[in-house]
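Colleague: Sharing a structure below in structure tokens format, with a few things to ask.
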Amino acid sequence: MRPVKSALLAALALAPGLLCACVAVSQTVTPPQAEEMVRPTPVTTKPWLMATASVTDLEVSARFFREIGGYETLWQGALSGEEIAAFGLPETASGEALVLAAPGAAHGWVRLVRFDNAGRKVPTRPGARAWDTGCFWSLMVRAKDMEAVYDDAIAMGWWTHTPITDLNFGDSVLKVVVFQGPDGLQVQAYERLSPPLPEAFGPFGRISQPFNIMQMTRDREKVRVLMEDVLGFGRFWFGAPYVDAQPTDMPLGIPRNLTTSVPYKAAIFEPQPGEFGRMEYIEIVGLEGHDFAERCRAPNLGWLSVTYPVADAAAAEALIRARGWEIASARREVARGPFGSAQVFSIRAPDGAWIEFQGPVAP
């Protein structure tokens, strides 16, 4: 790779996310300036608890996480009637959920849900091109021995948008690939060969627990309003538009001849500084695809939501309303394994993806 601006190199050493870790920059990049911003009181300071995906077969989709990642089953069982209602599905619908976790992970869980008698199911992102907007693009995990992970994933029927991409940024030596599995589920694997990851990330096997989730957005500024002004999240990365200096392989599958002329805007937000619980947004300028924002709902197939824990669901809901953001699914008490009873409400990001908040039931 060609040299990049020093501001980006500093951020890359922290491995922020795919676009910030795979695109050489030909222009000045604005580094995060969170300390200069007035940050509203955050709705939560905790990493997201789990990501939920709608799938057709729980066991088939679970294989990647179990056999490659060594994930363990935390809970499996029927969806409660309250959960069915929270998804906006008819009373005749039912379903089953399977909650998986990387060994020892207290958050960053994967919840797979199969809906039954819930009507027609279509992919949330058919074709899954990076320049199509709406819904969640991929779940991000760190990996070890990427070639072996790649071979095993392909052998179990998963696919990729590109070959494994080798990247070098200063002292950071990286490998990146986006896997696509059953029902279009995408998992973005990100291996850093050197320097070592921060100790705060903790040990993991072949793939880690998810630490980030990515959306493709039509308008990064609208996303910024939600993440910073409404949710009070911090800014991990917010770069100026950038392109490659010369044609290059790009893990999102952008054609090589367009990587020098199509700019990208990347933004990563987090509830508090740390290694987990991030949300990443990419706006691709100059490529017009489909917009799938209205498909991001059950029982459609794909990543549906992320769930952040809150100490007081009623207070969190009131705060979001007071800051002018619409509540998409009002707070209700649900029976939810493995948590027991919980209070849950949801909002929608500007490009349709669901962000859920879960708190304890008031005594």
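Colleague: Can you confirm whether residue 190 is open to solvent by less than 10 Å² (accessible area, probe 1.4 Å), of a type in the set (Phe, Trp, Tyr) and more than 25 Å from residue 348 (Cβ to Cβ)?
Modeller: yes
Colleague: Within segment 93-100, is there a residue that is of a type in the set (A, V, I, L, M), without any contact (Cβ under 8 Å) to a residue 60 or more places away in the chain, part of a strand (DSSP E or B) and surrounded by fewer than 21 Cβ atoms within 10 Å (Cβ to Cβ)?
Modeller: No, there is no match, as no residue in segment 93-100 is of a type in the set (A, V, I, L, M), without any contact (Cβ under 8 Å) to a residue 60 or more places away in the chain, part of a strand (DSSP E or B) and surrounded by fewer than 21 Cβ atoms within 10 Å (Cβ to Cβ).
Colleague: Tell me yes or no: at least one residue of segment 112-123 is crowded, with 24+ Cβ neighbours inside 10 Å and in a strand (DSSP E or B).
Modeller: Checking segment 112-123: at least one residue is crowded, with 24+ Cβ neighbours inside 10 Å and in a strand (DSSP E or B).
Colleague: Let me ask another. Please go through segment 235-249 and pick out each residue that is outside any loop (DSSP other than H, G, I, E, B) and either surrounded by fewer than 17 Cβ atoms within 10 Å (Cβ to Cβ) or at pLDDT 90 or above (or both).
Modeller: Correct list: 235, 236, 238.
Colleague: Say we look at segment 67-92 and pick out the residues that are part of a helix (DSSP H, G or I) and open to solvent by less than 70 Å² (accessible area, probe 1.4 Å); which of these is nearest to residue 155 (Cα to Cα)?
Modeller: For segment 67-92, the residue satisfying everything is 68.
Colleague: For segment 208-217, does any single residue satisfy the condition of being modelled with pLDDT under 95 and of a type in the set (A, V, I, L, M, F, W, C)?
Modeller: The answer is no; no qualifying residue exists.
Colleague: Suppose we filter segment 343-362 for residues that are open to solvent by 10 Å² or more (accessible area, probe 1.4 Å) and either of a type in the set (Val, Ile, Thr) or touching a Gly at 6+ places or on another chain (Cβ under 8 Å) (or both); how many remain?
Modeller: Summing the residues that are open to solvent by 10 Å² or more (accessible area, probe 1.4 Å) and either of a type in the set (Val, Ile, Thr) or touching a Gly at 6+ places or on another chain (Cβ under 8 Å) (or both) in segment 343-362 gives 2.
Colleague: Filter segment 124-143 down to the residues that are in contact with a strand residue (DSSP E or B) (Cβ under 9 Å, 6 or more places away or on another chain), assigned to a loop (DSSP other than H, G, I, E, B) and open to solvent by less than 50 Å² (accessible area, probe 1.4 Å) and list them by number.
Modeller: Answer for segment 124-143, where residues must be in contact with a strand residue (DSSP E or B) (Cβ under 9 Å, 6 or more places away or on another chain), assigned to a loop (DSSP other than H, G, I, E, B) and open to solvent by less than 50 Å² (accessible area, probe 1.4 Å): 124, 125, 128, 130, 132, 134, 135.
The values are calculated or read from the model by the stated rules, or taken from the named source; none is laboratory data. It should be emphasised that the depicted structure is a prediction, and the values quoted were computed from it without experimental measurement. Quick reminder, even Gly has a Cβ in these numbers, built from the backbone with ideal geometry, and neighbours come from all protein chains shown. Quick note on the areas: whole protein, heavy atoms, side chains included, nothing else; ligands and nucleic acids left out. Shrake-Rupley method; radii C 1.70, N 1.55, O 1.52, S 1.80 Å.
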